[in-house]
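Read the figures in this text as sums done on the coordinates, not as results from a lab. Model, not experiment: these values are computed from the prediction. Here the Cβ positions follow ideal geometry from the backbone for every residue, glycine too, while neighbour counts run over all protein chains shown.
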Amino acid sequence: MNPGLYVVGTPIGNLSDISMRALETLRGVSVILSEDTRHTHILLGRYDIATRTVSCHKFNEASRVDGIIQQIRGGAAIALVTDSGMPAVSDPGARVVAACRRAGLPVTSIPGPSAVTTAVALSGFPAGGFVFAGFAPRKSGALRKLLAQFAECPVPVVLFESPYRLMKLLDGIEELFGEREVFVARELTKKFEETLWGSAADIRRSFGTRTVKGELVVVLSPHVDSNHNGC
């Protein structure tokens with residue numbers, strides 16, 4: 001393969017969702033930079049790919065940059081993956097991509113599944129666009145401030161959330177937006193995928209007392225105001 005950085009999208013759950021081009025790339029590169037090598041090995045094992053993996057996560061990404069640039073300058077083709085979805089979208093990878101850009105090295109993307117667009121499509125909310133806000137803040141004040149800025153947003157707002165903090169997020173949405181409709185997707189594309197629509201209170205009641213598990217995407221419906229043109 002030609003030298004450069006290959007940003008590869010990987011499945012968000014179902015391993016069958018990977019593309020042929022992604023598989024060809026993962027087989028052809030010299031090394032795969034992986035958020036969690038153990039997680040990536042599950043995918044590689046499914047498709048009999050023996051390419052060497054090296055960890056590249058939020059705690060060591062900055063220290064990896066110089067070595068990655070040197071390898072590519074030396075003729076290496078390097079793939080960058082995260083545990084699921086597209087690297088550098090609320091996942092590690094942005095530092096590596098930016099550093100390669102600044103160094104004038106080839107960077108290309110092999111697109112793959114995204115929990116963001118999957119959730120927007122499943123929500124059924126009008127989407128002449130959407131806002132992706134990443135992971136919801138942990139602190140109550142920061143969470144409230146984030147939600148408040150989307151009070152009049154005319155397009156859906158997408159957030160990632162931990163199962164341990166979902167109820168806190170729903171409480172914040174109910175407090176600020178009342179009955180405004182929300183869509184929650186849990187374990188997208190996986191065996192126990194679950195999707196729920198309704199007000200924040202409706203969704204909280206749907207979960208009842210059971211423990212919420214798995215990865216979550218929350219989509220807040222648009223604010224309806226024909227005179228408002230932006231968030």
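Assorted remarks:
- Candidate set: the range 31-64, residues that are charged (D, E, K, R) and exposed (fewer than 14 other Cβ atoms within 10 Å of the Cβ); chosen: the one nearest to residue 93 (Cα to Cα): 58
- Test for residue 63: is it free of Cβ contacts under 8 Å to residues at least 24 places away in the same chain and touching an Asp or Glu at 6+ places or on another chain (Cβ under 8 Å): no
- Scanning the range 29-79 for residues that are among the aromatic types (Phe, Trp, Tyr) and over 25 Å from residue 15 (Cβ atoms) gives a single hit, 59.
- Considering residues of the range 102-119 that are in a helix (DSSP H, G or I) and in contact with a strand residue (DSSP E or B) (Cβ under 6 Å, 6 or more places away or on another chain) only, the residue nearest to residue 21 (Cα to Cα): 115
- Here residue 28 passes the criteria (1) more than 21 Å from the chain's Cα centre (by Cα); (2) in contact (Cβ under 8 Å) with a residue 12 or more places away in the chain; (3) under 27 Å from residue 215 (Cβ atoms); (4) surrounded by fewer than 16 Cβ atoms within 10 Å (Cβ to Cβ) except the one numbered (3).
This table checks each residue for (1) of a type in the set (Asp, Glu); (2) touching a helix residue (DSSP H, G or I) at 6+ places or on another chain (Cβ under 9 Å).
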residue: 123; (1), (2): no, no
residue: 137; (1), (2): no, yes
residue: 153; (1), (2): no, no
residue: 156; (1), (2): no, yes
residue: 169; (1), (2): no, yes
residue: 179; (1), (2): yes, yes
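- Close pairs (7 angstrom Cβ cut-off, 6 or more residues apart or separate chains): buried (at least 16 other Cβ atoms within 10 Å of the Cβ) in the range 96-109, assigned to a loop (DSSP other than H, G, I, E, B) and aliphatic (A, V, I, L, M) anywhere: 97/88
- If only residues of the range 128-160 that are surrounded by 13 or more Cβ atoms within 10 Å (Cβ to Cβ) and in contact with a Lys or Arg (Cβ under 9 Å, 6 or more places away or on another chain) are counted, the one that is nearest to residue 184 (Cα to Cα) is 136.
- Single residue of the range 185-200 satisfying the filter (surrounded by 19 or more Cβ atoms within 10 Å (Cβ to Cβ) and out of contact with any Phe, Trp or Tyr (no Cβ under 8 Å at 6 or more places or on another chain)) that is farthest from residue 10 (Cα to Cα): 185
- For the range 177-205, a tally of residues being closer than 14 Å to residue 163 by Cβ and more than 18 Å from the chain's Cα centre (by Cα) returns 4.
- Any hit, the range 136-154, residues being closer than 23 Å to residue 193 by Cα and within 19 Å of the chain's Cα centre (by Cα): yes
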